[in-house]
Amino acid sequence: MTVTKMRSSHIGVRPMITRSETYVLSEPHGRDVVEQLALERLLPVSEIVKTVRYFDTFDWRLYQKGLALIQAGNAVYLQRISDGEYPLQDQIEMKQHIEGRFWWMFPEGELRDTLRSALSVRALLLRAQVRQKVCGFGVLNADEKTVVRLFLTHTSAENRHVATLALRSVRGYERDFENLRRRFRKLDVAHVAEDVFERVMNLAGCVPGDYSSKLNLNLNHEASGREATCEILKCLHDVMRQNETGIRADWDTEFLHDFRVAIRRTRSALTQIKGVLSEDAVAHFKDAFRQLGRSTNRLRDLDVYLLEEEAYRAMLPQSLQPGLDAVFSRLKSERRRALSDMVQVLDKPEYLNLMDSWATFLRGEQSRGGKDSAVPAIALAQKFIFKRFKQILKKGQAIGDHTPDEALHDLRIDCKKLRYLLEFFASLFPKDKMGKLIGYMKKLQDNLGDFNDLSVQQQELMAYLNEVLPRSRRADRLLCAAAIGGLIARLHDRQQAVRREFASAFATFSGKKNVRLYRDLFR
Amino acid sequence: MSIFALYSMKGGVGKTAAAVNLAYEAVRSGATALLCDLDPQGAAAFYFRIRAKKKFGRKRFLKGGKHLENNIRGTDFEGLDLLPSAMSFRNLDLGLDDRTKNKSYLKRLLTPMRKEYDYIFLDCPPNLTLLAEHVFRAADYVIVPCIPTTLSMLTHQKLMDFFKKNGLKRKKLVSFFSMVEQRKTMHREMIAQVGERKGKFLSAQIPYTTDVERMGWARQPVACFKPRSKGTLAYRELWTELQMLG
Ligand SMILES: Nc1ncnc2c1ncn2[C@@H]1O[C@H](COP(=O)(O)OP(=O)(O)O)[C@@H](O)[C@H]1O
Ligand SMILES: [Mg+2]
């Protein structure tokens, strides 16, 4: 890999004080517009033709932060979408295509740091590719001094074109910029555009933000329970289907994760939203999705351990760390098998039939239904949510320092159910209050989630110690055992600490403010 | 971040020509730079076709902060900005006199700009007054163009003595030969003499060439209208050496 850091090019570094405005031109020959303006003192200064590739994760993590990652030639840089063509930081030089890379595959530096916090565990995918011709001009004053910069950009992809024109101020000549801007705004052929980025992406057949693992529903306030439920389930169905390709291609671990969450939410909806769909169908699909969910378990578990590899190693002293090599190499080969099993499941007719019949069912559900199918969704939501909330309060208050672990696991599942209900029906209630509710809930859920993860991890390691190691002939068996023992001890310590924090996490949840919110919204 | 002052007690030695072309080279290599024109003649601003805003003058300059920053103007080259001078700069000394005891007021004025630019170049007027002392304290390097003549060398010696007498770091003083005419015996001999002693002379020399002279007509750095000329290459070489300093 040849990676060299270089300074931004001549036009690279972002000046501190610049104003800019971008216009979309209604006819493709931007030059005519420029001439139409009769800017007699227009000096051509540059002309660049390039192929521009845009990268982002499947769920648009950069776009959600207002960023775009671009590779043009050998230059790779991040751009703040609202800023137009200025790189956010110094660009780096990378010859290789960056598709499929994770943040840690970039050379150390600012770019990598930004990617690290934005991408987390997700891989970069090529989202769009366009050809661009950028002509730069200086608008001159009577002294032939450049007082405004003007860029005419012609972007094309798949026989579609868009011409844009950007004005950028020169420091100390803001008045000239404002004057020119006023003239541009009066033209019929140029329109101020805030969404140039989206337009460019659309050219290449791509819609930024078209996928999110969050449920972005907008339920009708008058919807019946049945209508709302079908809409929720349809949305979850789509999430499953959207993630299939990524699971097969194994771009990153989150395709499977989102796929599983959609299954879990589906099952949770089927169980919790009672009396709305026909009972037979519910029983049938609940069972089918339980089985489907089960077939994803092993691969996800392995993904989690492998993602934690660095953290595990860091928990042990240097001397014991090599003891984990055997554990992880085994996990890696097991993952290869688990992945091919998973892909097989997706290829089976059972899976395709399930998805088809499920979609058909959701579409045709208008005619049949359970006894409450005509009750307004909002009333059902209130009933189910408040009931679950009361149940959690009661269970949580019964938990003390000596309560068995099972009670915490139980409570975790109840909390998850409540969380799903809140997410399903969020759009029927005021946004700010729902935001607060979720906030109060998060601390408790994190606590219970950590507690559970830590106990599952200990079990997995114990199983390795009890079942795999005794049959192993490895020379470093003892070292392995010691490392695993060390890890279990560390994980146990943490779990204890997490448990000690339970009381305070629960106190926020069961506090007066939260209880009042639930009462106001759901009773 | 470094501040380079182009300074000489003598006029017409190539200070402004060097300041303009070096700042351009700095930006051409990917850095950002601010060129401060401290000479009331305003030659540096002239080369970039920049006029100061009407209300700008000594008072605003000395107030500093926003008053100064609002008068910085972008040149035709992105990354290269210029702070123009004004006629009232001929009295800069008056304003500097009562500001600070230790002659570091100019340094303080420039501090906010250090964050914004990779390099600051100061184009100085030719005299050894109070302003010069402020310049010596503000600059990380004082770059002295020297025409290779006996008289020039004497003036140069005087400057070194001045530094010594006033407790200034002589390490800051860096010189280069300017307007060199190889066909002149005196020039060759002076350069050879220094070559033996070396001292703080850079090895890059700026030749006397009409291309540099023609900057007054082109109103651009020489690299823009004569990109492959001897003058262009000489300034590029000089910048490469200065960049090594810091
Ligand atoms: N290397 C050079 N060759 C020819 N003429 C030069 C050269 N450097 C400067 N000049 C010319 O000499 C005059 C004085 O130069 P300038 O840079 O303004 O000196 P200073 O700033 O030291 O007073 C200007 O007319 C300039 O064009
Ligand atoms: Mg001068």
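None of the figures in this text is laboratory data; all of them are computed from the coordinates on show. It should be emphasised that the depicted structure is a prediction, and the values quoted were computed from it without experimental measurement. When we count neighbours, we look across all protein chains shown, and the Cβ atoms used for this are built from the backbone with ideal geometry, even at glycine.
Remarks
- Semi-axes of the equivalent ellipsoid for the stretch B:2-245, Cα gyration tensor, largest first, Å: 27, 22, 15
- Amide H contacts of residue A:171 (H built 1.01 Å from N, under 5 Å, at least 5 apart or other chain): B:74
- Coil-residue GluC sites (Glu not before Pro) of the stretch B:206-246, DSSP, other Cβ within 10 Å capped at 16: none
- Each Cα pair under 8 Å and six or more residues apart adds its separation to the average, and for the stretch A:213-375 the resulting relative contact order is 35 percent.
- The stretch B:69-107 and the stretch A:201-221: distance between their alpha carbon centers, rounded to Å: 53
- Pair-distance distribution of the stretch A:377-523: all C-alpha pairs, bin width 5 Å, starting at 0; shares per bin in whole percent are 2, 9, 17, 17, 13, 11, 9, 7, 6, 4, 3, 2, 0.
- Between residue A:414 and residue A:473, the FRET efficiency estimated from the beta carbon spacing at R0 = 35 angstrom works out to 0.15.
- Over all other residues within a Cβ to Cβ distance under 14 Å of residue A:375, the charged ones net out to +1, with Lys and Arg as +1 and Asp and Glu as -1.
- Kirkwood hydrodynamic radius of the protein assembly as shown, from inverse mean 1/r over distinct Cα pairs, in Å: 32.2
- Cα gyration tensor shape of the stretch B:77-157, rounded if a/c is under 1.5, else prolate or oblate by comparing a/b with b/c: oblate
- Rounded to the nearest 20, the size of the Cβ-charge dipole of chain A about its Cα centre is 1320 debye, with Lys and Arg at +1 and Asp and Glu at -1.
- Cα→Cβ-extended label distance, 7 Å offset, between residue B:94 and residue A:126, nm: 6.8
- For the stretch A:114-241, the equivalent ellipsoid derived from the alpha-carbon gyration tensor has semi-axes of 43, 19, 16 Å in decreasing order.
- Label zone at residue A:350 (point 7 Å along Cα-to-Cβ), backbone N below 12 Å, the stretch A:260-290: A:288-290
- Percent of Cα pairs exceeding the 16 Å cut-off, where the set is the stretch A:301-397: 76
- In a DSSP loop and with at most 13 other Cβ atoms within 10 Å, the trypsin sites (Lys or Arg not before Pro) in the stretch A:189-294 are A:214.
- Modelled label reach - residue B:1, point 7 Å along Cα→Cβ, the stretch B:47-69 residues with backbone N closer than 20 Å: B:61-69
- Taking the helices alone, chain A has a mean residue ellipticity at 222 nm of -18000 deg cm²/dmol, built from -39,500 (n - 2.57) per DSSP H run of at least 4 residues and averaged over all its residues.
- Computed over the stretch A:213-375, the convex hull of the alpha-carbon atoms projects to a mean area of 11.1 nm².
- Length gained when the stretch residue A:375-residue A:438 is fully extended (0.36 nm per residue, less Cα-Cα span): 20.1 nm
- Evaluated over the stretch A:377-523, the count of Lys pairs having alpha-carbon atoms less than 12 Å apart is 4 (only pairs 8 or more residues apart or interchain).
- Per-residue [θ]222 nm for chain B (sum of -39500 (n - 2.57) over DSSP H runs n ≥ 4, rounded to 500): -13000 deg cm²/dmol
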